[in-house]
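Input: a single structure, listed below in structure tokens.
The values are calculated or read from the model by the stated rules, or taken from the named source; none is laboratory data. Note that this is a predicted model, so its numbers are computed, not measured. Note that each Cβ is placed from the backbone with ideal geometry, even for glycine, and that neighbours are counted across all protein chains shown. SASA here: full protein model, heavy atoms, side chains in, ligands and nucleic acids out. Shrake-Rupley method; radii C 1.70, N 1.55, O 1.52, S 1.80 Å.
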Amino acid sequence: MRKPMMIANWKMNKTRDEALSFIYAVNEVLPSLDKVGTVVCAPAIVLRDLVKRQGDNLRIGAENMHYEESGAFTGEISPSMLTTTGVEYVIIGHSERRAYYNETDEAINKKLHAAIKHGLKPILCIGETLEQREQGVTHDVLEGQLTKDLAGLTAENMENVIIAYEPIWAIGTGKTASPEDANEACGFVRNVVKSLFNAAVAEETIVLYGGSMKPANVDALLAQSDIDGGLVGGASLEAESFLKLVNACLK
Ligand code: PGA
């Protein structure tokens, strides 16, 4: 049985004070981690402060990391720097990093291996552009990304990998994929995982939907058979809205 997950992606938002007020507002009222895997992914500079105050029912993740252990990579953060903060998760390959920082599938693959080696649980983001969807090549794009990004991982490694299907045209635009289209794509992702690994891995892998998920559309998305939860940007910034999304996972 896959456990539902609701993961906030704060992106480049919130000062330390804002981040702490959010944590104080949610951590007494979150459902048990056994019921919903609730995670907040935040800018690196506040991670340690958040981990200290995460409480019993919340876990913290980073939004990115480098794959090298150390070296001349100005401004970058290594996997061990992250693990010393106590974070459990790391987002890898978000479309904004692919688009604005030229992250390639090859680099994303290295990051996945590095995360797993360091005991971090990666949240791998994949998704098509509007142009690709209109050209009817969504499946090819998703299959290509998964094949390259997951190359060399074992079935055992996959126990800790979460996949977020995020159609790029739906991110931060207010446009959501219809629940049926989102489910179709998440089901396709699961099938690719089955062909790359095996049926048991596909059955256990958590596949999230991301792209303008919000309290108004969360129930319809979560009602779909292949959507195990969400990766949420805009609607995760206010505690009240994020709590609604987390609680929707209990229904
Ligand atoms: P959004 O972002 O919820 O603001 O569309 C989702 C994401 O980028 O992970």
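Miscellaneous remarks
- Verdict on GLU63 being acidic (Asp, Glu) and either out of contact with any strand residue (DSSP E or B) (no Cβ under 9 Å at 6 or more places or on another chain) or open to solvent by less than 30 Å² (accessible area, probe 1.4 Å) (or both): no
- When residues in the stretch 211-232 are screened for being open to solvent by 20 Å² or more (accessible area, probe 1.4 Å) and either without any contact (Cβ under 8 Å) to a residue 40 or more places away in the chain or closer than 21 Å to LEU58 by Cα (or both), 5 of them pass.
Listed here are the residues, each with its yes/no results for (1) at pLDDT below 95; (2) within 21 Å of VAL39 (Cβ to Cβ); (3) open to solvent by 30 Å² or more (accessible area, probe 1.4 Å); (4) within 15 Å of the chain's Cα centre (by Cα).
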{"site": "ALA164", "(1), (2), (3), (4)": "no, yes, no, yes"}
{"site": "TRP169", "(1), (2), (3), (4)": "yes, no, yes, no"}
{"site": "ALA177", "(1), (2), (3), (4)": "yes, no, no, no"}
{"site": "ALA185", "(1), (2), (3), (4)": "no, no, no, no"}
{"site": "VAL189", "(1), (2), (3), (4)": "no, yes, no, yes"}
{"site": "LYS194", "(1), (2), (3), (4)": "no, no, yes, no"}
{"site": "ALA199", "(1), (2), (3), (4)": "no, no, yes, no"}
{"site": "TYR209", "(1), (2), (3), (4)": "no, yes, no, yes"}
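- Within the stretch 130-156, if we keep just the residues that are open to solvent by 50 Å² or more (accessible area, probe 1.4 Å) and of a type in the set (Val, Ile, Thr), the residue that is nearest to ILE168 (Cα to Cα) turns out to be THR147.
- Test: VAL40 is surrounded by 13 or more Cβ atoms within 10 Å (Cβ to Cβ), β-branched (Val, Ile, Thr) and touching a Ser or Thr at 6+ places or on another chain (Cβ under 9 Å): yes
- Per-region count, the stretch 1-29, residues basic (Lys, Arg) and either more than 16 Å from the ligand (Cβ to nearest atom) or not in a loop (DSSP other than H, G, I, E, B) (or both): 3
- Test: residue in the stretch 150-170 that is touching a Gly at 6+ places or on another chain (Cβ under 9 Å) and without any contact (Cβ under 8 Å) to a residue 12 or more places away in the chain: no
- Boolean, GLU96 is free of Cβ contacts under 8 Å to residues at least 24 places away in the same chain and of a type in the set (Asp, Glu): no
- Only one of the numbered conditions (1) under 27 Å from LEU250 (Cβ atoms); (2) surrounded by fewer than 17 Cβ atoms within 10 Å (Cβ to Cβ); (3) touching a helix residue (DSSP H, G or I) at 6+ places or on another chain (Cβ under 9 Å) is not met by GLY127, and that is (2).
- Matching residues, the stretch 127-137, being part of a helix (DSSP H, G or I) and acidic (Asp, Glu): GLU131, GLU134
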